[in-house]
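The values are calculated or read from the model by the stated rules, or taken from the named source; none is laboratory data. None of the values given here were measured: they were computed from a predicted structure. When we count neighbours, we look across all protein chains shown, and the Cβ atoms used for this are built from the backbone with ideal geometry, even at glycine. Heavy atoms of the whole protein, side chains included, go into the accessibility calculation; ligands, DNA and RNA do not. Shrake-Rupley method; radii C 1.70, N 1.55, O 1.52, S 1.80 Å.
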Amino acid sequence: IDALKKRVWRLRPLRALKDAFSRSGIMLDAMNDGIQHLLQELNALVPLLINEQFRIDIVTGPRKLDVLIERNGVVGSVKTLSKSEQRCWQLLFATAMIRILPNNMLMDTIILDELESNMNEKNRRRYTMEFLPYLQTLVPKVIVISPLISNELQMRPDRVYRVEKKNRVSTLRRL
């Protein structure tokens, strides 16, 4: 029995290491630190795109990661957002990631494909007048793809192109 106790005693540090490096140990702590930093960035960016009281939270645990949205005091899953709100969420998330990436991982171009669709006039104006100029401070080349013309988006782009499709062949024409 004494020999067995010694063996078990020697295993305790191994168990401690196993627990520390398990999904609920050091890795989860490191992930939570990164998520807290991401959450600060996300919630700081919310006013650039969303009018109402809106707060984002991310809940983690072993084998769990839930994104929750608190809107006007009501908490729900990110899955319950409208199409327009989902696009805003995607923009917020991408922008927050850009803000926390190290300089050697930053990109110089971002493509936004019809992100203004389903936005009402007020939100579309906020997107073009507040969000896009801010995004250009982070990413030098912002390409906006939209079926709307520049006047409808209230933008003054550097260049405007129109894609025209004829006989199943698309061509790009500068306006």
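With the simple spin-label model, which puts each label point 7 Å out from Cα in the Cβ direction, the residue 33 to residue 80 separation comes to 3.4 nm. When the surface is traced with a 1.4 Å probe over the full set of protein chains, residue 117 keeps roughly 30 Å² accessible.
Largest accessible area first, the residues 35, 149, 111 order themselves as 111, 149, 35 under a 1.4 Å probe with ligands, DNA and RNA left out. Extension gain, residue 164 to residue 106, is 17.6 nm, computed as 0.36 nm per intervening residue step minus the present C-alpha separation. Distance between the modelled labels on residue 70 and residue 90, one decimal in nanometres: 2.7 nm (7 Å Cα→Cβ projection). Charge tally for residue 141 (other residues, Cβ to Cβ under 12 Å; Lys, Arg +1; Asp, Glu -1): -1. With 0.36 nm allotted per residue and the present C-alpha distance subtracted, the residue 52-residue 99 stretch has 14.6 nm of extension available.
Using a cut-off of 29 Å between Cα atoms, the listed pairs 83/141; 122/165; 64/141 include 122/165; 64/141 as exceeding that distance.
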